[in-house]
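Visitor: Structure in structure tokens, see below.
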Amino acid sequence: MTDLTAVSTGRLPDRDRVRRIVDDAHARFAGVDEGRVADYIPALASADPGLFGLSMVAVDGASHDVGDTDHPFSIQSISKAFVYALVCQDLGHDEVLRRIGVDGTGLPFDSVMALELNRGAPMNPMVNAGALATTSLVAGGWEAVVDGLSAFAGRRLEVDEGVYASEAATNRRNQAIARLLQSYGTIYADPLETTDVYTRQCSLLVTTHDLGVMAATLADGGVNPITHERVVDAAVCLDVLAALATAGLYEQSGQWLATIGLPGKSGVSGGIITIAPGKGGLATFSPPLDVAGNSVRGRLATHHLSQALGLNIFASAPHPDHG
Ligand code: GLU
């Protein structure tokens with residue numbers, strides 16, 4: 001068993017300082033005018049590129065929101081982190097690693113080739129093949145998905161029916177991935193029904209503040225710091241954060257880890273969650289994306305905040321006796 005009494009070291013700065021630093025990050029990057037709004041899901045193309053929200057939620061429940069943090073948007077791939085958590089809770093570490101895996105593919109998130117190259121192994125829950133296999137393993141199907149993600153958010157989440165219909169009408173590639181998994185015996189429910197549940201989970205509406213609370217729940221050993229509900233076990237959070245570290249930011253996951261030093265997950269609608277274990281969750285929202293599909297302002301703001309708040313999990317200093 002992992003020793004869960006040994007949590008990562010350090011603390012967040014005091015609340016006022018956190019506020020000032022988060023406000024400053026918003027002001028610094030609000031004027032950045034790079035990136036393109038995703039349009040491969042038709043309903044996402046109309047997003048306002050000017051929207052920008054930052055939300056920091058500490059494990060003690062203190063939260064600070066700046067900018068467009070009440071604006072609802074579809075969660076998209078960020079849902080993968082939380083559905084994976086539900087499945088880890090049900091099946092446990094060994095079974096999930098056996099059925100899904102947690103290694104990087106080095107290929108785009110919607111790659112069919114990754115499956116062919118790996119004899120049908122879903123490889124990682126943060127790419128579409130692995131996410132579809134994960135969704136197929138949720139005991140209780142769609143109801144369990146929406147209940148579970150709502151518990152992470154601390155309020156009842158609802159589907160954006162327009163985004164769902166738009167993606168359901170165009171998601172041939174995800175259907176093909178699900179069918180290919182079926183041909184290898186690595187999807188555990190009907191492939192088209194699984195794709196439908198996956199498309200619905202991606203269409204759940206969240207705000208930046210919701211994502212901050214959801215991220216903070218993963219930082220808080222699985223307890224929602226606002227509602228105090230235990231959503232998953234602390235051991236599940238370790239599994240989820242490790243998976244995020246391997247593939248949370250598409251093909252830039254290594255660069256993200258090397259510059260920001262925290263597990264995170266992005267989605268094509270422009271959200272990013274970042275988790276500072278034992279400290280808090282950070283959420284950013286800004287629709288224009290870089291070439292890898294990550295929000296430009298979100299990446300810049302998270303990099304700045306990781307440094308300014310002292311969150312990089314790889315940071316260390318010599319023992320005082322060593323000068
Ligand atoms: N629903 C989207 C898809 O599967 C999510 C993509 C993403 O956010 O990365 O294509």
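Throughout, read-outs are computed from the coordinates displayed, never taken from laboratory work. Please read all numbers here as calculations on a predicted model, not as lab measurements. Every residue, glycine among them, receives a Cβ derived from its backbone with ideal geometry; neighbour counts consider all protein chains shown.
Visitor: Would you calculate, for the chain, the mean residue ellipticity at 222 nm contributed by helices, counting each DSSP H stretch of 4 or more residues as -39,500 (n - 2.57) and dividing by all residues, to the nearest 500?
Guide: -13500 deg cm²/dmol
Visitor: Which residues' amide hydrogens lie under 5 Å from the amide hydrogen of residue 280, considering only partners 5 or more residues apart or on another chain, with H built in the peptide plane?
Guide: Those qualifying (amide H under 5 Å, at least 5 residues apart or on another chain) are 59.
Visitor: Quick one: Karplus J couplings for region 12-25, per residue in order, coefficients 6.51, -1.76, 1.60, θ = phi - 60°, nearest Hz, x for Gly and Pro?
Guide: 5, x, 5, 4, 5, 5, 4, 4, 4, 5, 5, 4, 5, 4
Visitor: Further, regarding this structure: Could you sort 138-151, 305-318, 74-87 so that the peptide with the highest average Cβ count within 10 Å comes first and the rest follow in order?
Guide: With the highest mean Cβ count within 10 Å placed first, the list reads 74-87, 138-151, 305-318.
Visitor: Same structure again: Can you give me the convex hull volume of the Cα atoms of the chain, divided per residue and expressed in Å³?
Guide: 129 Å³
Visitor: Non-local amide H neighbours of residue 223 (under 5 Å, H modeled in plane, Pro and chain starts lacking H): which ones?
Guide: Here the answer is 231, since their amide H atoms fall under 5 Å of that of residue 223.
Visitor: For residue 269, enumerate residues with amide H under 5 Å from its amide H, sequence gap 5+ or separate chain, H modeled in the peptide plane.
Guide: The list, which skips near neighbours in sequence, is 77.
Visitor: Work out the charge dipole of the chain with +1 on the Cβ of Lys and Arg and -1 on the Cβ of Asp and Glu about the Cα centre, then indicate which of 199, 69, 317 is farthest towards its positive end.
Guide: The residue sitting most towards the positive pole is 317.
Visitor: Something else about it: Out of 145, 183, 101, whose Cα points farthest toward the positive end of the dipole of the chain (charges: +1 Lys, Arg; -1 Asp, Glu; placed on Cβ)?
Guide: Towards the positive end, the residue furthest out is 101.
Visitor: Here's a follow-up. Mind jotting down the distance between the C-alpha centroids of region 64-135 and region 188-226, whole Å?
Guide: Centre-to-centre (Cα) distance: 11 Å.
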